[in-house]
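What follows is a single structure, written as structure tokens, with notes after it.
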């Protein structure tokens with residue numbers, strides 16, 4: 001039993017110490033406890049207020065970012081549309097320019113072909129004219145040459161006759177030539 005008494009005694013003594021402590025520090029502890037409760041409540045309130053304010057600011061920031069992203073997406077879409085229109089316009093313009101250049105090239109080729117045909121025709125006409133002129137000059141020269149040849153034949157001694165005459169002369173000088181009788 002002595003152990004039971006010691007336990008009981010210890011409990012009693014511990015209870016007495018708690019009572020003494022409560023008497024000495026009780027009011028102060030209750031005051032501290034009230035202060036801690038108020039401080040905790042204030043911290044919770046400020047934490048909730050700060051959390052609410054942070055959430056509100058984050059919502060505002062999120063809305064702002066969404067608006068900016070939407071605005072940028074709209075600007076990109078508008079810019080893409082303008083670029084597509086510009087590209088189509090440039091493509092159409094290039095196509096028109098290519099068609100115009102093709103037309104001009106065809107016109108130049110046709111005018112070049114026509115100029116070549118005209119030049120060939122002019123050369124042909126000129127060559128015909130020159131050929132006719134050459135024929136005329138040839139005919140004139142041939143006629144003139146024939147006429148001159150005839151005149152020369154009539155005006156000059158024939159070579160054979162001249163050769164016969166010189167041969168006869170040489171024979172007479174040599175005494176080899178005998179005249180037919182009755183012709184001296």
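The values are calculated or read from the model by the stated rules, or taken from the named source; none is laboratory data. Computed from a predicted model, the values in this text were never measured in an experiment. Glycine gets a Cβ as well: all are built from the backbone with ideal geometry, and neighbour counts include every protein chain shown.
Can you tell me which of 4, 33, 10 is exposed (fewer than 10 other Cβ atoms within 10 Å of the Cβ) and at pLDDT below 90?
On the way: 33 fails: exposed (fewer than 10 other Cβ atoms within 10 Å of the Cβ); 10 fails: exposed (fewer than 10 other Cβ atoms within 10 Å of the Cβ).
The conditions single out 4.
Quick one: which residue in 168, 151 is surrounded by 10 or more Cβ atoms within 10 Å (Cβ to Cβ), modelled with pLDDT of 80 or more and part of a helix (DSSP H, G or I)? Give the derivation first.
Details: 151 fails: modelled with pLDDT of 80 or more.
After ruling out the rest, the residue left standing is 168.
Have a look at 99, 110, 67, 28 and point out the one that is surrounded by fewer than 10 Cβ atoms within 10 Å (Cβ to Cβ) and out of contact with any helix residue (DSSP H, G or I) (no Cβ under 6 Å at 6 or more places or on another chain). Break it down stepwise before answering.
Numbers: 99 fails: surrounded by fewer than 10 Cβ atoms within 10 Å (Cβ to Cβ); 110 fails: surrounded by fewer than 10 Cβ atoms within 10 Å (Cβ to Cβ); 67 fails: surrounded by fewer than 10 Cβ atoms within 10 Å (Cβ to Cβ).
Matching residue, one of 99, 110, 67, 28: 28.
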